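A quick write-up on the structure given underneath.
Any read-out appearing in this document is the output of simple, stated calculations on the displayed coordinates, not a laboratory observation. Everything quoted here is computed from the prediction, not taken from an experiment. Cβ sites come from the backbone with ideal geometry, for glycine too, and all protein chains shown count toward neighbours.
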Amino acid sequence: MHTRLRRFVALASGALLVAGLAFASPASASSLASTQAPTPLVVNARWGGHATFDRIVIDLQGYAPTVTVTPVAQLRYDGSGQPVPLAGKHFLEIRLNPAAAHDDAGESVYRGPRLRKIYLGKLKGLAMTGDYEGYVTFGAAFDTLPYYRAYSLHSPERFVVDIAH
C-alpha cells in the first residue's frame, strides 16, 4: 500500500510539473507580434508662447508612450554623447518610450525641427537628441530654472510640457 501511494504522488507531481511548465513557457514570437500594438511614432515637435506660459507639444501617431521629463545639467545627443549646441543655463530632457521617429524601413517620419533656437519668454531652444532602440529624446533649453507641468492629450495623441513664466 505504501508503494502505491508513493507511485501515485510521484505521478501526480510529474503531471503538475508538466502542466506548470506548459503555462509558464513563453508564447511564440509570432503570436506575441500579432497581439502587440505598433510602436508609437513621433512625427512633429512644435512650441508656442502664451501670456503666462510657453508650451512644447510633441505630436504622436499611435498610443501615448511613457514619457519622462528630467532636469539635466547639459543636453547630449544619444549614442554619440556629443553636447547639443543650445545656449542656456538650465535644460530639460524629454524621453518617450517605447517610441520611434522612423518607420520599419528606417525612413524618418519625424517632420519637426532637429535643432532650433527659440525666442520665447522662457523657452530658448529645442532639439531632437535621439531616436534609438525604442527611445525618442528631446532637449529644451532655458535661461532660468523652468517650472513645468507635463501631460498627455488625446485625439490626436500628443505630449505637452507647459513652462510657467
Name the aspartates and glutamates eligible as straight-distance cross-link partners of residue 89: C-alpha to C-alpha under 19 Å, and not fewer than 8 places from it in the same chain. 54, 143, 162
The distance between the Cα centres of the range 75-93 and the range 101-155, in whole Å, is 12 Å
Quote to one decimal, in nm, the extra length available between residue 103 and residue 74 on full extension: 0.36 nm per residue of separation minus the C-alpha distance between them. 7.5 nm
Full extension from residue 147 to residue 52: what is 0.36 nm times the residue separation minus their Cα-Cα distance, to one decimal in nm? 33.0 nm
When a/c reaches 1.5 or more, the comparison of a/b and b/c decides; with that in mind, is the range 73-132 rounded, prolate or oblate per its Cα gyration tensor? prolate
Once you charge only the Cβ atoms, +1 for Lys and Arg and -1 for Asp and Glu, what is the size of the charge dipole of the range 51-98 about its Cα centre, to the nearest 20 debye? 120 debye
Rounded if a/c is under 1.5, else prolate if a/b is larger than b/c, else oblate: which is the range 58-165, with a ≥ b ≥ c the root eigenvalues of its Cα gyration tensor? oblate
Collect residues whose amide H, placed 1.01 Å from N in the peptide plane, falls under 5 Å from the amide H of residue 78; neighbours closer than 5 in sequence don't count. 130
Taking the Cα centre as origin and putting +1 on Lys and Arg beta-carbons and -1 on Asp and Glu beta-carbons, what dipole magnitude results for the range 23-165, to the nearest 20 debye? 600 debye
Electrostatic dipole magnitude of the range 100-165 [Cβ: Lys, Arg +1; Asp, Glu -1; Cα centre; debye, to 20]: 500 debye
